[in-house]
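This report concerns only the one structure given below.
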């Protein structure tokens with residue numbers, strides 16, 4: 001029997017590479033597209049030589065041609081951390097708009113199921129807590145973070161338009177804060193920053209007074225949730241994340257303790273439009289996907305810590 005084929009855009013990124021691994025384990029052939037502006041070849045090197053994997057260096061805002069049959073198209077291409085999308089604002093907007101349009105066109109041509117990697121950032125700085133899928137969000141379209149938030153909101157609207165107008169089979173996952181192996185040490189997010197600083201014995205920098213909250217999901221749990229959504233028949237957006245909420249100050253202290261570090265915490269000015277709270281309501285994912293996270297934050301942090309030690313060449 002011919003293997004099913006999945007195209008993964010942004011497949012050399014943190015989440016994309018884990019997704020490639022998972023799809024191959026599920027006996028799919030994976031075609032990974034990435035222009036490597038934030039993705040890393042090291043994330044997918046272990047798959048080179050695997051007959052179920054193909055890598056094509058490509059910017060998905062340009063023309064996409066895939067000669068084989070395709071069953072699934074998963075759109076994960078986008079700078080995803082503030083440090084990246086603030087440095088690459090136009091590329092971020094282009095990959096969310098032009099890129100989404102091109103990739104939807106590929107899915108339509110191949111009669112494939114399309115899955116969009118959206119984000120909890122579509123909720124902006126939320127006035128509803130925890131965040132449920134029917135909340136429309138509180139986003140500043142002209143603020144510095146708007147380039148990412150609005151790109152993803154546009155991508156969701158475009159995906160639903162293809163579903164309604166062309167009858168395309170679509171899925172939308174709203175991804176909440178995720179961590180794990182293959183995160184870039186310099187990606188500017190709280191977790192890699194805290195771990196890198198703690199391991200090097202530097203001061204750990206917390207923005208604002210540290211009272212803002214996040215909910216951290218281990219990457220293996222997230223990828224399992226995404227796969228279940230892909231093979232479901234649910235069209236509307238679904239939150240996938242860990243509802244266990246923690247303040248960033250508590251989290252910094254937890255990281256320092258797990259790293260067995262003597263680092264001290266220092267406070268810096270809160271960036272513009274930084275969300276005060278972030279916590280997914282995962283009722284829908286539990287109901288329709290029978291999914292909830294299984295890896296505790298402590299367990300996940302220990303696995304991530306080992307990866308970071310190897311990256312920093314610390315014993």
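The values are calculated or read from the model by the stated rules, or taken from the named source; none is laboratory data. All of these numbers come straight from a predicted model, not from anything done at the bench. Here Cβ is always computed from backbone atoms with ideal geometry, including for glycine, and neighbour counts include all displayed protein chains.
Things worth noting here:
- The condition (being touching a residue at least 40 places away in the same chain (Cβ under 8 Å) and at positive phi) is satisfied by just one residue among 96, 10: 10.
- Residue match in the range 175-192 (condition: within 26 Å of residue 292 (Cα to Cα), part of a helix (DSSP H, G or I) and not assigned by TED's automatic domain parsing to the domain that holds residue 272): no
Quick grid of which residues meet (1) at negative phi; (2) under 18 Å from the mean Cα position of the chain (by Cα); (3) outside any helix (DSSP H, G or I):
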{"position": "223", "(1), (2), (3)": "yes, yes, no"}
{"position": "285", "(1), (2), (3)": "yes, yes, no"}
{"position": "295", "(1), (2), (3)": "yes, yes, yes"}
{"position": "302", "(1), (2), (3)": "yes, no, no"}
{"position": "309", "(1), (2), (3)": "yes, no, no"}
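- When each of 294, 278 is tested for being in contact (Cβ under 8 Å) with a residue 12 or more places away in the chain and surrounded by 15 or more Cβ atoms within 10 Å (Cβ to Cβ), the lone residue that passes is 278.
- Scope the range 16-30; condition crowded, with 24+ Cβ neighbours inside 10 Å and under 13 Å from the mean Cα position of the chain (by Cα); matching residues: 16, 17, 19
- Filtered by the rule that a residue be crowded, with 19+ Cβ neighbours inside 10 Å and over 17 Å from residue 259 (Cα atoms), the range 189-209 gives a lone residue, 189.
- Test: residue 35 is surrounded by 14 or more Cβ atoms within 10 Å (Cβ to Cβ) and within 18 Å of residue 99 (Cβ to Cβ): yes
- Qualifying residue in the range 57-78 (condition: crowded, with 22+ Cβ neighbours inside 10 Å, out of contact with any helix residue (DSSP H, G or I) (no Cβ under 7 Å at 6 or more places or on another chain) and either closer than 30 Å to residue 274 by Cα or without any contact (Cβ under 8 Å) to a residue 12 or more places away in the chain (or both)): no
- Subset of the range 134-163 (residues that are in contact (Cβ under 8 Å) with a residue 12 or more places away in the chain, over 17 Å from the mean Cα position of the chain (by Cα) and assigned to a loop (DSSP other than H, G, I, E, B)): 135, 137, 139, 140, 143, 144
- Selection within the range 75-121 - assigned to a helix (DSSP H, G or I) and either under 21 Å from residue 191 (Cα atoms) or modelled with pLDDT under 95 (or both): 82, 83, 84, 85, 86, 87, 120, 121
- Of all residues in the range 164-187, those satisfying the criterion of being modelled with pLDDT under 95 and over 14 Å from the mean Cα position of the chain (by Cα) are 185, 186.
- Note on the range 228-270: among residues that are in a loop (DSSP other than H, G, I, E, B), touching a strand residue (DSSP E or B) at 6+ places or on another chain (Cβ under 6 Å) and modelled with pLDDT under 95, the one that is nearest to residue 175 (Cα to Cα) is 270.
- Conditions (1) buried (at least 19 other Cβ atoms within 10 Å of the Cβ); (2) in the same structural domain as residue 198 (by TED's automatic domain parsing); (3) closer than 23 Å to residue 220 by Cα: number failed by residue 256: (3)
- Test: residue 33 is under 21 Å from the mean Cα position of the chain (by Cα) and closer than 21 Å to residue 79 by Cα: yes
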